[in-house]
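Below is one structure, written out as structure tokens; comments come after it.
The values are calculated or read from the model by the stated rules, or taken from the named source; none is laboratory data. All values derive from a computational prediction rather than experimental measurement. Counting neighbours? That spans all protein chains shown, and the Cβs are built from the backbone with ideal geometry, glycine included.
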Amino acid sequence: MTPMVRKKSSRKTKAPKSRKAVKKARPARKAQRKISRKVKSAGKAKRKTIKKIMLKPTALKKAKKPSRKIKAEARKPTVIRKISFPERFISEKAVSGVVKRFEVRYLQVLDKDGRCDEKLMPRVSSQDIKSFFELMLTSRVFDDKALALQRQGRIGTYASIRGQEASQIGSAFAMQDQDWMFPSFREAGAYITRKTPMHLVLQYWSGDERGGIMPKGINNFTPSIPVGTHALHAVGFAWGARLRKDRIVCVAYIGDGATSEGDTLEAMNFAGVFRVPVVFLLQNNQWAISVPRAKQTAAETLAQKAIAFGFEGIQVDGNDVFAVYRAAREAMDKARAGGGPTLIECVTYRMGDHTTADDAKRYRDARELEYWVQRDPIDRLRKYMQKKGLWSQEYENKVAEEAGRKVEEAVKTMESQPPPNIEDFFKYTYAEMNQNLKDQLAELMEALKEQQERKE
Ligand SMILES: Cc1ncc(C[n+]2csc(CCOP(=O)(O)OP(=O)(O)O)c2C)c(N)n1
Ligand SMILES: [Mg+2]
């Protein structure tokens, strides 16, 4: 018996479709049926063209869901700015060598005995030189008076600038009216040079915040008591100016101590990244209260800190008004022309106590002070002017007399101000007073009322 052999079907059997495949084909079939219905209902003439359009593969594709590839593309972040990479990140073969060398320039035009290197002299007229002297002397008269006022209990506290006059006057003199100054708490000389009414400086130190409100057109910020935080404000302001294409320069006055603060270093970092028109005018006066410069940093100069942030740092003799003026002027011209920031380290000395709340004798060697007194910025300019025939005792007496008169007038104006409104303290902490501040104000007003009643 021949075994039963199943006859192979001559028709090709189709592989049964998977559920997934059926599901996948459904929208395409649906679309085909829709097209046929449209073609039938359309007139004969139109039939051909409708068919052509509707059966175009793209027409069908549109109904499809986006592919995985497209979805992945869409998830990629948008590239806003193209970043150009250096040709090589690392060397192809093992090598050892110097990648880059840096240098920090130093500038002194006028030595301690008033001898001047004419080749290095900035372009200044005889009148400018006299203005330097007059502003420096006026600042010292102001400084002495402010200290006396504090001792007499007529102002709250004060940070003396004695010894730092050349750094402050030389740099502020290089600024233009439209530029902006961001001072620390020790900038009386820069304020005076920047045409600030002197009574405002005294008013501020008498504890009246209104002393920080400048008349319109005088572009000076209020003193910054927190060390170094205002460097960020200067950079932010300068960045804004750059975006608005305003040709201004912002000057942040900082101390050696401020270079140990994160805020200042962050400010320098972004100043470099965005190439903002800012000058960091660093007065290295050797002390941050009782902490000497050597304990701030192991770096040989403070100017070299700029190099890490990608811009120039220069060190100048901070008791030489010509060197400070020249470096500041060049840095400001560069910033105005779009050349970015500069750090100027003025090597100077704080001859007085940190503030009226300090006694430097407790931590400073008297010989150190003596060394710097020999390098007094006013003395050396006087010596230079004497040689040039720009100075006489009579002239100096007149300048000192005039300065004394102006300062006395400022004291009178300061002391004749009506007391500040108590509410202002609460009102201007935020744009609007919150409940907490409202409660505090109410409590204070109540206490003051009771005090008044007890007096009567
Ligand atoms: C953020 C902050 N930290 C600390 C202080 C306390 N303080 C006031 S002045 C000062 C030293 C500042 O030294 P420097 O920057 O060299 O300025 P100088 O006083 O020498 O002008 C310190 C630490 C402060 N006011 N703010
Ligand atoms: Mg200091």
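May I ask you to verify whether ILE248 is within 16 Å of ligand 2 (Cβ to nearest atom) and among the β-branched types (Val, Ile, Thr)?
Here the answer is no, as ILE248 does not meet what is asked.
Is it true that ALA146 is buried (at least 19 other Cβ atoms within 10 Å of the Cβ) and touching a residue at least 60 places away in the same chain (Cβ under 8 Å)?
In short, no.
Exactly one condition in (1) in contact with a strand residue (DSSP E or B) (Cβ under 7 Å, 6 or more places away or on another chain); (2) more than 30 Å from GLN393 (Cα to Cα) is false for GLY217; which is it?
Unmet condition: (1).
Go through segment 324-356 and give me each residue that's in a helix (DSSP H, G or I) and of a type in the set (Val, Ile, Thr).
VAL324
For segment 139-179, name all the residues that are within 16 Å of ligand 2 (Cβ to nearest atom), hydroxyl-bearing (Ser, Thr, Tyr) and in a helix (DSSP H, G or I).
Hits for segment 139-179 are SER167, SER171.
With the checklist (1) surrounded by 11 or more Cβ atoms within 10 Å (Cβ to Cβ); (2) at pLDDT 80 or above in hand, flag the one item SER125 doesn't pass.
(1)
Results for (1) part of a helix (DSSP H, G or I); (2) of a type in the set (A, V, I, L, M, F, W, C), shown as yes or no for each residue.
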{"position": "ALA241", "(1), (2)": "yes, yes"}
{"position": "ASP246", "(1), (2)": "no, no"}
{"position": "ASP263", "(1), (2)": "yes, no"}
{"position": "LEU281", "(1), (2)": "no, yes"}
{"position": "ILE307", "(1), (2)": "yes, yes"}
{"position": "PHE322", "(1), (2)": "yes, yes"}
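Only residues that are closer than 15 Å to GLY340 by Cβ and over 8 Å from the mean Cα position of the chain (by Cα): list them for segment 229-247, please.
Within segment 229-247, TRP239, ALA241, ARG242, LEU243, ARG247 qualify.
Checking the condition in contact (Cβ under 8 Å) with a residue 40 or more places away in the chain and either within 16 Å of ligand 1 (Cβ to nearest atom) or surrounded by 17 or more Cβ atoms within 10 Å (Cβ to Cβ) (or both), which residue from ALA306, ALA299, ALA294, ALA323 passes?
None of the other options fit; the residue is ALA323.
I'm checking my understanding of the structure. Among residues of segment 181-198 that are touching a residue at least 60 places away in the same chain (Cβ under 8 Å) and among the charged types (D, E, K, R), which one is surrounded by the fewest Cβ atoms within 10 Å (Cβ to Cβ)?
ARG186
Keeping to segment 286-304, report how many residues are out of contact with any helix residue (DSSP H, G or I) (no Cβ under 8 Å at 6 or more places or on another chain) and either within 12 Å of ligand 2 (Cβ to nearest atom) or not hydrophobic (A, V, I, L, M, F, W, C) (or both).
Residues meeting the conditions: 6.
Against the definition (more than 16 Å from ligand 1 (Cβ to nearest atom) and either over 13 Å from the mean Cα position of the chain (by Cα) or polar (S, T, N, Q) (or both)), how does GLY339 come out, yes or no?
Judged against the criteria, GLY339 is a match.
Hey, could you check segment 253-267 for residues that are buried (at least 20 other Cβ atoms within 10 Å of the Cβ) and of a type in the set (A, V, I, L, M, F, W, C) and say which is farthest from ligand 1 (Cβ to nearest atom)?
Among residues in segment 253-267 that are buried (at least 20 other Cβ atoms within 10 Å of the Cβ) and of a type in the set (A, V, I, L, M, F, W, C), the one farthest from ligand 1 (Cβ to nearest atom) is ALA267.
Residues in segment 220-235: is at least one farther than 19 Å from ALA335 by Cβ and more than 9 Å from ligand 1 (Cβ to nearest atom)?
For segment 220-235, residues farther than 19 Å from ALA335 by Cβ and more than 9 Å from ligand 1 (Cβ to nearest atom): present.
Within the bounds of segment 374-397, is there any residue that is in a loop (DSSP other than H, G, I, E, B), surrounded by 14 or more Cβ atoms within 10 Å (Cβ to Cβ) and either of a type in the set (D, E, K, R) or not assigned by TED's automatic domain parsing to the domain that holds ASP144 (or both)?
yes
Condition first: in the same structural domain as ILE378 (by TED's automatic domain parsing), in contact (Cβ under 8 Å) with a residue 24 or more places away in the chain and within 24 Å of PHE425 (Cα to Cα). Can you find one or more residues in segment 171-180 that meet it?
Checking segment 171-180: not a single residue is in the same structural domain as ILE378 (by TED's automatic domain parsing), in contact (Cβ under 8 Å) with a residue 24 or more places away in the chain and within 24 Å of PHE425 (Cα to Cα).
Identify, please: which residue in segment 199-217 is part of a loop (DSSP other than H, G, I, E, B) and touching a residue at least 40 places away in the same chain (Cβ under 8 Å) and is, among those, farthest from ASP143 (Cα to Cα)?
So the residue we want is GLY217.
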